[in-house]
Amino acid sequence: MSATTTNLGAHAPSDQGHDHGHAHGHDKSGTVIFGFWIFLMSDLIAFSLFIATYADAEWHGIASGPSPHQLFSLGLPTVETMALLISTFTFGICTLGMKYNATMRRTIGWLVVTLIFGAIFLGIELYEFHEFWIEGNTPQVSGFLSAYYALVGMHGLHVTSGIIWGLLLIVQMKTMGMTELVKTRLMRLGLFWHMLDIVWIALFTKIYLMGVLS
Amino acid sequence: MSPLGPIAAAEKSHMIVFFLWMLPVCLPILIGLPWILIKYRRKGGTGAYHPEWSHSTLAEAVIWGGSSVAVVILGVLVWMNTISEDPYKHTGANPIKVQVVGSEWKWMFIYPGKMASVNKVVLPENTPVEFDITATGAMQSFWIPRLAGQIYAMPGMQTKMNMTTGELAQLEGFNSQFNGAAFPLDKFEVDVVTKAQYDAFLQEPRKPWADLLTQFKKVATWDGPQIFDAPPKGWWDKASMNPDLANEGGAAILPDAAPEQKKIDDAIRNELHISQNQSQGDAQ
Amino acid sequence: MSILGSLKWDDIFIVPFFKEPSLSTGIAAAAGGIVVLGALAVLVLLTVKGWWKPLWTHWITTLDHKKIGVIYIVLAAIMLIRGILEAVVMRAQQVAPAPGFLSVEHHAELFSTHGTIMIFFVAMPLLIGLINVVMPLQIGARDMEFPFMNAISLWLSVGGAALVMASLVVGHFETGGWTAYPPYTGIKLSPNEGVDYWIWSLMLTGIGTTLSGINFAVTIYKQRAPGMTLMKMPIFAWTTLCTAILMIYAMVPLAVASVMLALDRHAGFHFFTATQGGNMMNFANLFWLFGHPEVYILILPAFGVFSHVIPTFSGKKLYGYTSLVWATVAIAVLSFTVWVHHFFTMGQTAHLNAIFGIATMTIGVPTGVKVYNWMLTMWRGKLRFSTAMLFSAGFMFTFVIGGITGVMLANPVISFAAHNSLFLVAHFHNMLIPGLLFGMFAGINYWFPLAFGFRLDETWGRRSFWLWMVGFYLTFMPLYAIGLMGAPRRMAFFTDPAYLPWLLVSMVGALAVLGGLTSQVIQVWVSIKNRESLMVPAGDPWDGRGLEWSLGCPVPEHDFTTIPNITSREPWVEAKERGLRVMEPTEFVDIHLPKNTSMGFLVAMVATVGAFGLIFEMWWLGALCWIAMFVLVLIRSYDTDWEKTVTAEELRADYERHKHVVETTPKVSLDDEFTTKNRGLVFDMEKAV
Ligand code: HEA
Ligand code: HEA
Ligand code: CUA
Ligand SMILES: [Cu+2]
């Protein structure tokens, strides 16, 4: 048994130096970001399951459709990847700047640049889908193509929602000002965006690089 | 369980051995718990009260150690059993090969190069058999409980089930994976006969293969077992990759009033020897 | 495509009966009728009694974790009525002379909805509800970390449940079991909307559950009272943490599998179509990658409950705290490594099967450790047989039997002979009923006063226990027997006369269970009627040991007047040993609580309507609701006025009031624990200082 007396009921000394018990705990924005991290983890699981499905379909799911080798080339996907990489970099500048009290204009500026590159990425992706589509390589052709469209499409949907989210944040920065709340939202979008980038690297390697080399 | 073949017998004995090995770690609870409940009850119990007692290194070691040892023993058993009873392993030299196609709601058996039958498989006694299994439509599970355990039958895939038949018997095999409106009828006869009878069976008069195929594609359930010529060589392999060869595919879920549903209701009544006039509701 | 998508006249519950009257369609029409009449009756009652407003302001818009928890449990109770009625109809169908009174498909719809409802809309809401009510009180938190998200989770689950109920009235539910394997559930073999009901109701509740998991994990991680290190945390909080982690990771494969199934069905994709390069085995893998952890999501909170009920009613410290913690963690980790045991018969190599078989049995070790630890907690104690304690003891005994059959199934060779049989059905009911359900019953009986301020009636509680216990054995032991004789599961009727005696016993058992359930309804009714005499305003009606019992009953909305400082595992026991009867705060400060909001409810209801649209291929409705949800979230994001303040003065007044109650309540001896003398603050007089 513990020898120390139980200080039951005595008020808790707070590590923050001020002493009150909010329902929301102390470091709210840190907590929100922590929760968002956990959410991203489960999102990552979803991506890995789709990747695993794709890996299986790539082997056994060609049916009467094209193989990855016949379908993919590296040109456009490389440009696409560069666009996303740049956008991640510019987002980094955006959030770092915000941390060091950059002006709202600067923050918004970098965010806009990020979103433009995101849109370029998305545009290329849609263009490629379109190309495949008019060649008759639709998701209905084979298990492999189903898995391909679902995986890349899911990533694309994520990027789309990231872009919409970014646009709304710009509006919120304008209307609500650079409040703590808006800043946390931007930080979360940053996490989200970086995760999408990492996922894309995996997709690029698995689908295009290894597909073309196979 | 009343096993007829060596595989089913092995399954049964594993079950018993396995169960017995668990008793040393489980019986202490089944016996100890009632004893504690009686001995330490507050009103009238005789056990001494030690409210602070909450740890004993010895007990921890026995509990963690004991169950771990039990799992190691069971693990060794599992490893050995699983490998010795692997359904993919031949149970003897030169097994009889039978190719199987499970469909909604009937079974096709092919003795390659010899003959084909629907809803009936005839096997010689005490002989190793290898079933090559595929399906059309839904996933099914091929099971003759008194000979051996089950294995899934899946469209677009091939699985195998090896077993050795036992004495003469008339058995039943069935699909154990629910697959729709006539699931209770999704079964077949298994006749284990003498070698001579088996040879005679293979010589029996039969109908052409084309008849089987057209019929098989068309009907949902099959009236009584029938025999046919064997399909062309390699047909089963092709069908296992392209289930449409054996099945045009209809719905397994039928609206209550669909004509197929009526036929299935009739088939069920037939199976149960219930007069055709009675409606289902009256059957009870 | 019409504006109503694939909706037809025949989908309305009563139409098939008029077109084709039979007992089977009649039962379907009656079931739909009950739902409709029930819903109407509730509406009328609410209007007549004028309860709309209180319902809205106190319940629907609430963000209080205790009330959210209660709503979850009420949801479970409503869904369970359907689940149990279906179970009884199924048992009756199998004893009626073949082919029984239900069509094969109607029977299939019953076991599919029964399984789906019991797992997702009875078991899950029960445990999530209990966690909501109790966990924050145990760790000294004021609420969940994200109260708004908590409300969204709740109403998404309600929405999912509403869809399953709607399937009785409009259209059909799925018929391929709760596991819904394709290709059976593909568009070709299951062309009606049943599978889509399955997909979208699970999608809604699945998202809700994932969010709950995140909420619980973050709350435990960030909101523990100062001084409460992880190894000082109550076991129920530990099991919640592990369950939460399982929820976060395990619901995803289910969502992925059902999205793929939906794409296959409605967009012509080929994830699971064998002829076009799909792989149906991938569905089985994904489903059980969720499904197996799911069964431990179900059981771990129950393990947590037993770890509190048993010490309390043994008057003794929990034996082997550290062991229990590690055993919990081990079970959670191992649960992700065993999923293949659900399809040993799918034709993979013997070595792979053996490895997964052994991995499965390994879970027996930590589970066994737990059972032995509870037994050693009782050993050298002074046992009091409250309803909660009876359920715990009944659980320990029966659960071991289910564990034995589980380990048997983990041997692939045995699984070949028992898979898809009633032996398996007996195994899992053997885990779910005495494990999960008894755990939840014990928890509800034990913690009930925290939420409502009065105890539940013990007499009817004990009656219900005995009926449940006897009923369980009678219902499911025969199924082990005929399972071994080769009776497959999901069979509409049996023709083998050897089964009949066993099936009859089983039917009688199901009626006994129904009696147990009825006793519980009576128990709740009687307790509400006699609530005045069952009140325990001073709190701590069982000589409890955890922090939650230091509060008055019912617990006020702000939970703690001040958050205590924790220095040991059983702070309340030690406080009582030092003669304290109430926490003594040193200073009061203003606190913030989340304000009520209707947004959580609205978002989830819009999602539900949208899901209904998708089920009947009204794509416009799905899209519209998607946009509406988006707009609602946007509106909420502009709302920065989330909190209301409880002032220091109010807290002080509340504290003074509670202190007064406690000081004027006479101490109660353990002898009077179950009598009306118990107004709270029960003490062991033989031990008391
Ligand atoms: C938690 C899960 C759970 C529970 C409690 C039960 C309870 C019961 N079940 Fe079921 N069952 C399943 C989960 C469950 N079942 C699943 C997953 C399947 C498989 C479906 C499939 O094939 O896909 C199945 C299938 C199944 C079958 C089909 C078997 C077959 O395939 O042939 C049958 C047949 O009779 C059956 C019977 C029963 C009976 C008689 C009970 C009775 O013992 C008990 C009836 C239940 C109650 C009386 C409810 C208990 C009370 C509460 C939960 C909460 C109370 C709350 C408050 C008071 C606040 N069950
Ligand atoms: C709460 C739910 C729950 C729980 C806790 C468990 C626990 C276990 N289950 Fe069960 N199971 C289900 C619910 C559950 N199961 C469901 C719903 C299904 C079927 C779904 C469907 O198909 O519809 C299923 C199916 C299922 C299968 C698939 C069978 C098949 O389809 O062929 C298997 C096979 O391995 C299995 C094994 C186990 C094991 C080994 C445990 C272990 O965790 C048990 C551990 C407990 C003990 C062993 C007892 C106590 C321990 C001791 C006394 C110590 C000493 C003992 C040893 C060391 C061995 N279960
Ligand atoms: Cu400190 Cu809020
Ligand atoms: Cu499992």
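The values are calculated or read from the model by the stated rules, or taken from the named source; none is laboratory data. Predicted, not measured: the structure shown is a model, and the values here were computed from it. With ideal geometry, Cβ positions are generated from the backbone for all residues, glycine too; neighbour counts draw on all protein chains shown.
Table for the structure above
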item	result
Enumeration of residues in the range C:165-219 that are of a type in the set (A, V, I, L, M, F, W, C), under 18 Å from C:T608 (Cβ atoms) and assigned to a loop (DSSP other than H, G, I, E, B)	C:F173
Restricting the range A:1-40 to residues that are within 7 Å of chain C (Cβ to nearest Cβ) and at pLDDT 85 or above, the residue that is nearest to ligand 2 (Cβ to nearest atom)	A:I38
Selected residue (criterion: modelled with the lowest pLDDT) from residues of the range A:188-214 that are in contact with a helix residue (DSSP H, G or I) (Cβ under 7 Å, 6 or more places away or on another chain) and of a type in the set (S, T, Y)	A:S214
Scope the range C:402-424; condition assigned to a loop (DSSP other than H, G, I, E, B) and either within 16 Å of ligand 3 (Cβ to nearest atom) or more than 19 Å from C:Y181 (Cα to Cα) (or both); matching residues	C:A410, C:N411
Elements of type helices (runs of 4 or more DSSP H) contained in the range C:475-593, each with 1 or more residues being within 9 Å of another protein chain (Cβ to nearest Cβ)	C:571-577
Total residues in the range B:21-72, condition at the interface with chain C (Cβ under 8 Å from one of its Cβ atoms), within 14 Å of ligand 2 (Cβ to nearest atom) and of a type in the set (V, I, T)	4
Close pairs (8 angstrom Cβ cut-off, 6 or more residues apart or separate chains): within 12 Å of ligand 4 (Cβ to nearest atom) in the range C:284-310, outside any helix (DSSP H, G or I) anywhere	C:F287/C:T179; C:F287/C:A180; C:F287/C:Y181; C:G291/C:T179; C:H292/C:V338
Lone unmet requirement of (1) outside any helix (DSSP H, G or I); (2) under 30 Å from B:P34 (Cβ atoms); (3) more than 7 Å from chain B (Cβ to nearest Cβ) for C:L390	(1)
Condition check for C:T229: farther than 30 Å from A:S142 by Cβ and more than 21 Å from the chain's Cα centre (by Cα)	yes
Any hit, the range C:283-292, residues being away from ligand 1 (no atom under 16 Å from the Cβ), within 26 Å of C:P434 (Cβ to Cβ), assigned to a helix (DSSP H, G or I) and more than 14 Å from chain A (Cβ to nearest Cβ)	no
Every pair of residues 6+ apart whose Cβ atoms lie under 6 Å, when the first sits in the range A:66-89 and is closer than 14 Å to A:F129 by Cα while the second is of a type in the set (A, V, I, L, M)	A:F72/A:V212; A:L76/A:I124; A:E80/A:I124
Every residue from the range B:1-29 that is touching a helix residue (DSSP H, G or I) at 6+ places or on another chain (Cβ under 6 Å) and aliphatic (A, V, I, L, M)	B:M1, B:M15, B:M22, B:V25, B:I29
Qualifying residue in the range C:195-202 (condition: in contact (Cβ under 8 Å) with a residue 24 or more places away in the chain, over 25 Å from C:L246 (Cα atoms), away from ligand 4 (no atom under 16 Å from the Cβ) and crowded, with 24+ Cβ neighbours inside 10 Å)	yes
The range C:396-428, residues that are among the aromatic types (F, W, Y), within 8 Å of ligand 2 (Cβ to nearest atom) and under 25 Å from B:F183 (Cβ atoms)	C:F428
Single residue of B:V25, B:V69, B:V62, B:V100 found to be in a helix (DSSP H, G or I), crowded, with 18+ Cβ neighbours inside 10 Å and not charged (D, E, K, R)	B:V25
Test: residue in the range C:229-237 that is away from chain B (no Cβ under 14 Å), touching an Asp or Glu at 6+ places or on another chain (Cβ under 9 Å) and of a type in the set (S, T, N, Q)	no
Test: residue in the range C:66-78 that is surrounded by 14 or more Cβ atoms within 10 Å (Cβ to Cβ), hydroxyl-bearing (S, T, Y) and in contact with a helix residue (DSSP H, G or I) (Cβ under 6 Å, 6 or more places away or on another chain)	yes
Pairs where the first residue, in the range C:427-451, is in a helix (DSSP H, G or I) and the second is of a type in the set (D, E) and away from ligand 3 (no atom under 16 Å from the Cβ), C-beta under 8 Å, 6+ apart	C:W447/C:E548; C:L450/C:E548
Some residue of the range C:142-152 being touching a Ser or Thr at 6+ places or on another chain (Cβ under 7 Å) and at the interface with chain B (Cβ under 10 Å from one of its Cβ atoms)	no
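To keep it simple, each residue is scored yes or no on (1) among the aliphatic types (A, V, I, L, M); (2) at the interface with chain B (Cβ under 10 Å from one of its Cβ atoms).
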| position | (1), (2) |
| --- | --- |
| C:Q348 | no, yes |
| C:I358 | yes, yes |
| C:G364 | no, yes |
| C:R380 | no, yes |
| C:F441 | no, no |
| C:Y446 | no, no |
